[in-house]
Structures are given as C-alpha cells and as structure tokens.
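Below: the structure, in structure tokens.
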Amino acid sequence: MDYLAILQILDSTIRLATPLLLACLAGLYSERAGIFDIGLEGKMLAAAFFSAAVAYTSGNAWVGMMAGIGASLVLSAVHGIASITFRGNQLISGVAINFLAAGLTVVVSQSWFAQGGRTPQLSGDGRFNPIVWPGAVERTRDIMQADPGQQLYSELISGHTSLVYIALLIVPLTWWVLFRTRFGLRLRAVGENPAAVDTAGVSVVGLRFAAVAIAGVLCGIAGAYLATALQAGFTKDMTAGRGYIALAALIFAKWRPWYALGATMLFGFLQAVALRPDMIEGTLGWDVQIQLLDALPYILTVIILAGFVGKAIPPRAGGEPYVKER
Amino acid sequence: MQKMPAWAEVVLVPLISLILAALISAIVILAIGENPWTALKLMVDGALGSTYGWGYTLYYATNFVFTGLAVAVAYHARLFNIGGEGQAALGGLGVALVCLYIPWPHWSLALIGATAGAAIAGAAWAAIPAFLQAKRGSHIVITTIMFNFIAAAFLNYLLVGPLKPTGSMDPATAGFPQTTFLPTFQDMFSFGETVLFRGTPANVTFFVAVAACVLVWLIIWRTRLGYEIRAFGHSQPAARYAGIGPTWIIMITMLMSGGLAGLMAINNVMGEAERLILNSVEGAGFIGIAVALMGRSHPFGVLLAAILFGFLYQGGAELAFWTTIPRELIVVIQALVILFTGALDNMVRMPLEAIFGRLSRPPKPDRRSAQSEPSA
C-alpha cells in the first residue's frame, strides 16, 4: 500500500468520522448533564431529512441546516419534556424518538416528494461543497505528481466541507466549555450530583434542558452533514446506526471531548477501511470479513464496557430523574 | 396523594395513552392529505374483516407476543432488554441449525427441537450482556444495543458465507425439509369446501405463544423465582438483604428474556419462511418494547397489545396497498405508543391521580376546613 493510498483512506476517515464526532459530542453534553440519550440516531435522521428537504426547496445548504437543527431541537424538546419535566424513563424516550424519526421522515418525504422515501438529488449551493485551501491542487493527476508534503496538504487537510472543520473546532470548544467555564462546571455537577447543584441555588431543570438543547443542535449539524455534505440528498434510514456508533464512541471516550475525537476517528477509520476491501487484502495479505469490520466498533465498546481495558465510568446521576425533596 | 384504583392503573392509563397516540397519528394522516377515518376503516377491514386478514394479524401478533414477553420479563427485574432484535435473530439461527441438520420424522418433534434450539440460542445471546451487567456493572441497555449490531453482522456473515448453499445467489440458508413444515391455520381450520385463512402465514406457533404467556404468568406470579425477580425489581438493597443474589437474578431473568425473544424464530423462520433469510426479524424485537409497555408487563396485557400491534401491522400493509400512506406510518404509531405509555407515562398518570384523589376524598363540611386541609 503506497503513501497516497494511505492518505486517501485517512481522508475518507475524516469524512466518515465527522457525523460520528458531532453526534458523540451531542451525547457528551447530554450525558454529562445526567440525561442518557439513545435518541441521537433519531435526531440525526430527522435533521438529515429536513435539511435535505429545505436545502432542495431553498437551494441553500445553510438554510437547510437551520431547518435540520430545528427538527432535531423539536425531538430534543420531546426528550426533555419526557425525561426532565415528567421524569419519565430516558432510555424509553430515546427509543421512541428513534422510531418517531424513522417513521416520520419516510411518511413526510413520501408525501412531499413521492420518491419512495427520499428527497431529490441536491446540487450546487444545495450542498456543502469542498473548500479548497490556498495552494492546494485539486486534479487527481496533479496530486499524483506532487511531493509528499503537498499530497498531505491537498488530499488530507484541504478539500473538506466547512462542516468538517466546524466539527473539529467544536472539540476544543467543548473542552473549554466543560472544563473552563462556570456553565461547564455546573453542567458536569448536575450529572454527578444534582442535589448539590440545587442546593447552590442553580436550576437543575434549566441546566439539563440547556444540555439537551445543545445536543439537539449538534445532532442537527450531524444530520445536515450526512444529507447535504457527505451525500447529496436524504435516503430512508440513511443514518444507518451512526447514532449508536456515536454512543459507543462516547463510552469508548469515557465522556471526554478529546478522547471523543480519538474514538470517532478510530470508528471512522474502520468504516473507511470497510469500504476498501481490496486494500485490506493487499496490505494484510489475507481477506478480512467486512462484517467483522462492521461489528468491530460494537465489539470494542463491549470490551471497554466490560472493564477489561480501563474502566468506563458514566456520570453518576445519569439516567435518573431529579426529584426535589419537599 | 391517594393511589388510583387498580382498574384505572391497568385499563385507563394505557387506554388514554393509546388514544393520545391515535390522535397524533390521525393528525399526521391529515397533514399528509389523507382522511384518518377512511384510513382506520381500511385498516380494520384489511386486518380484521376476513379470516385472511386475521391470518396475517395473528401471525404478526405471535411474533410480538414473544418479543413483548421478553421485554416484560426483564422489566420485572427492572432490566431493560433492548436486545430482543439480536436475540430473535440468533433464535433464527438456532431454528435453522436444528431444522437443517437433524432429520426430523414429524413436524411435532421438529417443533419441540426447534423450540429448544431457538430458546437456547436466544438465551445464549442474552447471556453475555447479562453476565457483564451482573459481574462488571456494564449498562445492560448499551450492551444489548451493541449485541443487536454484532448479531446483525454475524448473521450477515453466516448467510453470505458458510450457511448459504453452494450455487445460490440468495443470502439465505437452504429451504428446510418438508417434515419440519408447521401446520398453518389454513391446514387446521379448513373443513371440506370452506377454506379459511387461505394462504396466510399464521400457524401452530400462535398456540405456543399463548402457552408461553401462561407459563410466564405462572413463573412470575406463582413461583419463588418469580417472587424473587419482582422483589429484586422493586428494591435491590431490600432483595439483597432478604438473601436474593443479584447475579443469579440478573442472569436467570435475562436468560428467560433472551430465550423468549429467540422463540419468535419458530414463528417467522420455521412457520413462515421455512428457511433463514437476511434480516428475518424485521424490527419485531423493538416492537416488543411497545408491546410490553402497553401491556403493563403482564402476560395477558402483552397478548392483547401484541394482537393490537398485529392489527396495526397488517392494517398498515393494507393502507400502503390502497392509499399513498406508506407502511412507515406504523413505525410512527409504534413510536407514539412507546412515547406515551413509556416515557410520558407520568403526563397521563399525574392528572388521573389528581382526579381520583379528589373523587375519593370524603365530602367536606364547609369551605374553610376544606381549604385548610393539606393538599398532599
């Protein structure tokens, strides 16, 4: 396997890891505040559909993304009302949201576009297009002839959509918010010991709703990325379990932002490799089952969860509704 | 606050949740430009208007009874088994191995063998998450989700590789031998000229499902084990103090749960497809969650809820056939049922409790004393 091929794999790693990263960070905010969120998948899916639909009708990918974020926020609100206001079971609420999105996206897209549960193909400004950095070459032939440094720059660093760079910037931002601001401290505290936060006179309900809303925004961006950047339009069930992989990555990352970047890049890499079976065979000399690569993120997460390789300890108050004592 | 009477808890809360779900579904149907009343009539006609409709409704219901019982049993120990999908898929593998590699002389013996194969395979798939929950404290919801995906990848591998007959392009096992074919309702209930349930997949497994309901009821409410499971579910510290071992309860409950989910395979794999195909479970494992919530984790409630969902499934297929409403509307209804009966339970319960609390309070002599009464 040559240098350029490795670069190509890493390039598609970044592209495939971006939605995982955004969803993983969404889960991170929510779960750090003590709200389990297995509805990441559903929120992403809803956002993917509405962003593609609105991007198609408006011809503007950014407007589409706003619609996607809106749709995701509506589902976040449902999750918040169910699990914070009415103190329902957060896991069941998440399951319901996933099905709600899976069903509604197809029903609505069939009604709007009548194309068997997909949106029309997006083109031009309806999609997020790659940003070519100054000095980078674009044509395949030019890249082939360039020197290694230029190849790295043109293939791997330049040429992603703006959402990829935004997602990467959200990682340090999340770290800063969680560990360097008052809001972050309170957010983490509310996931560990909500009673203490309440005693300090800070609203547990308010903080948790804020966390769930941030998760909604991030899932919205992730969904918009899937439908309007990675692919050109919405297709039925296009999230294909990415919400659950993000959840796995979150556990893998032990609920920390920088680790989340590492975990999602690893899982993105597995997805990228699974797309190129010829390369695996060429490198390792034997045939690796694609299904094994598909299952690997889940198997790794189970091993991590089992505590054989470092212990993953979730926020202490996670999943429990807060009841003010009277 | 006064508690609600039992009938309100068992009947009224699920009923109101169902009505809310139906209302929102009706709004969705209106929003996509169809008439909800016509849609409902189509569904009732298509699913319940003929023995043909019933044949499909009961076939789907049989699947949902098993996956619903699986979720319900685990729920009694406050374990949320979301892995019914994977366990049912593995159950399919168990059934396929039993039917393909053992020469059965008669379907009745094959049914017993397949039941054992399905239950063992399903239970085995639930055993690892159960063990990890009991011994390592890994959250069972997350591990069972992961195991759904691992099961899907595993079956995908088997069906495009080792289990596929040579020369076949289909990702499926070979067809089962004729001696393992289960009698369908058409075989059982047609007399002479009158053919009932013509061509429908409902089969003898329905009675296995009913038997499973009775068995689960007996185990949960009439045995020492069932008592221990429920005690563990109500309060883990109290159960531990009473000498009930958490590891044992988690393991045995999840094994039962996984086994029940696996049993679904005798209906869809052995009874209907008569071979193991890719993605044979088709989401029935997840519908089990809605069924168990709707049925209040009681076997009789699960049976009723399963028939309701069987009706929705068959009715939804009819809708998709006759109107422009896609089948996925059923997924929306399913989601709403899970939302209202599961997550938003308190939204329905709190006002009801307030109403019943007011009704059952003795009449007050005058206004002033009523006001000074503590409100809680």
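One residue stands out among those in the range B:97-124 that are of a type in the set (Gly, Ala, Ser) and more than 25 Å from B:Ile252 (Cα to Cα): the one that is surrounded by the most Cβ atoms within 10 Å (Cβ to Cβ), which is B:Ala110. Residues that are assigned to a helix (DSSP H, G or I), touching a residue at least 24 places away in the same chain (Cβ under 8 Å) and more than 14 Å from chain B (Cβ to nearest Cβ) were ranked within the range A:267-286; the one that is surrounded by the fewest Cβ atoms within 10 Å (Cβ to Cβ) is A:Gly282. Counting just the residues of the range B:86-112 that are closer than 21 Å to B:Pro165 by Cβ and not in a helix (DSSP H, G or I), which one comes out farthest from the chain's Cα centre (by Cα)? Looking at the filtered set, the residue picked out is B:Pro103.
Within the range B:126-170, restricting attention to residues that are among the polar types (S, T, N, Q) and under 22 Å from B:Pro246 (Cβ atoms), the residue that is nearest to the other protein chains (Cβ to nearest Cβ) is B:Ser138.
Report yes if some residue within the range A:140-160 is modelled with pLDDT under 90, surrounded by 19 or more Cβ atoms within 10 Å (Cβ to Cβ), in contact with a Pro (Cβ under 8 Å, 6 or more places away or on another chain) and within 20 Å of A:Gln231 (Cβ to Cβ); otherwise report no. Yes. Residue pairs, Cβ under 6 Å, 6 or more apart or interchain, first in the range A:235-247 and more than 8 Å from every other protein chain (Cβ to nearest Cβ) and touching a residue at least 60 places away in the same chain (Cβ under 8 Å), second assigned to a helix (DSSP H, G or I) and among the acidic types (Asp, Glu). List them. As it stands, the answer is A:Thr239/A:Glu41; A:Gly243/A:Glu41, since those pairs meet every condition given.
Of the helices (runs of 4 or more DSSP H) that lie entirely inside the range B:10-85, those containing 3 or more residues that are more than 14 Å from every other protein chain (Cβ to nearest Cβ) and surrounded by 23 or more Cβ atoms within 10 Å (Cβ to Cβ) span B:51-76. If you go through the range A:107-133 and keep only what is without any contact (Cβ under 8 Å) to a residue 40 or more places away in the chain, out of contact with any Asp or Glu (no Cβ under 9 Å at 6 or more places or on another chain) and either crowded, with 18+ Cβ neighbours inside 10 Å or β-branched (Val, Ile, Thr) (or both), you end up with just A:Ile131. Of the helices (runs of 4 or more DSSP H) lying entirely inside the range B:271-351, those carrying at least 3 residues that are within 28 Å of B:Gly91 (Cα to Cα) and within 8 Å of another protein chain (Cβ to nearest Cβ) are B:284-294, B:329-338. When you check B:Thr205 against the structure, is it touching a Ser or Thr at 6+ places or on another chain (Cβ under 8 Å) and more than 14 Å from chain A (Cβ to nearest Cβ), yes or no? Here the answer is yes, as B:Thr205 does meet what is asked.
Answer yes if at least one residue in the range A:60-68 is more than 14 Å from chain B (Cβ to nearest Cβ) and β-branched (Val, Ile, Thr), and no otherwise. Checking the range A:60-68: at least one residue is more than 14 Å from chain B (Cβ to nearest Cβ) and β-branched (Val, Ile, Thr). Against the criterion of being farther than 19 Å from A:Asn89 by Cβ, away from every other protein chain (no Cβ under 12 Å) and within 21 Å of the chain's Cα centre (by Cα), B:Ala118 qualifies.
Which of the residues spanning the range A:251-278 are of a type in the set (Lys, Arg) and within 15 Å of the chain's Cα centre (by Cα)? Walk me through how you get there before you give the answer.
Looking only at the range A:251-278, we keep the residues that are of a type in the set (Lys, Arg), and these are A:254, A:256, A:276.
Scanning the range A:251-278 gives a single hit, A:Arg256.
One residue is enough: does the range A:160-178 have a residue meeting the conditions touching a strand residue (DSSP E or B) at 6+ places or on another chain (Cβ under 9 Å), on the phi < 0 side of the Ramachandran plot and polar (S, T, N, Q)? Yes; the residues of the range A:160-178 include at least one that is touching a strand residue (DSSP E or B) at 6+ places or on another chain (Cβ under 9 Å), on the phi < 0 side of the Ramachandran plot and polar (S, T, N, Q). Here the range A:229-261 is the region considered, the condition is being assigned to a helix (DSSP H, G or I) and either hydroxyl-bearing (Ser, Thr, Tyr) or in contact with a His (Cβ under 6 Å, 6 or more places away or on another chain) (or both), and the residue that is farthest from A:Val95 (Cα to Cα) is A:Tyr259.
State all residues of the range A:72-131 that are in a loop (DSSP other than H, G, I, E, B), among the aromatic types (Phe, Trp, Tyr) and more than 8 Å from chain B (Cβ to nearest Cβ); if no residue qualifies, say none. Passing the criteria: only A:Phe128. Taking the range A:169-197 as the range and being of a type in the set (Gly, Ala, Ser) and in contact with a Pro (Cβ under 6 Å, 6 or more places away or on another chain) as the test, only A:Gly191 passes. Remark: pairs (first residue in the range B:16-34, closer than 22 Å to B:Leu352 by Cβ; second residue acidic (Asp, Glu); Cβ separation under 9 Å; 6+ apart in sequence or on different chains) = B:Ser17/B:Asp345.
Scanning the range B:274-291 for residues that are more than 18 Å from B:Ala152 (Cα to Cα) and over 14 Å from the mean Cα position of the chain (by Cα) gives a single hit, B:Glu274. Of all residues in the range A:26-60, those that are of a type in the set (A, V, I, L, M, F, W, C) and out of contact with any Gly (no Cβ under 6 Å at 6 or more places or on another chain) total 7.
The values are calculated or read from the model by the stated rules, or taken from the named source; none is laboratory data. Remember, predicted model here, so these are calculated numbers, not experimental data. Cβ coordinates were reconstructed from backbone atoms using ideal geometry, including for glycine residues, and neighbour counts include every protein chain displayed.
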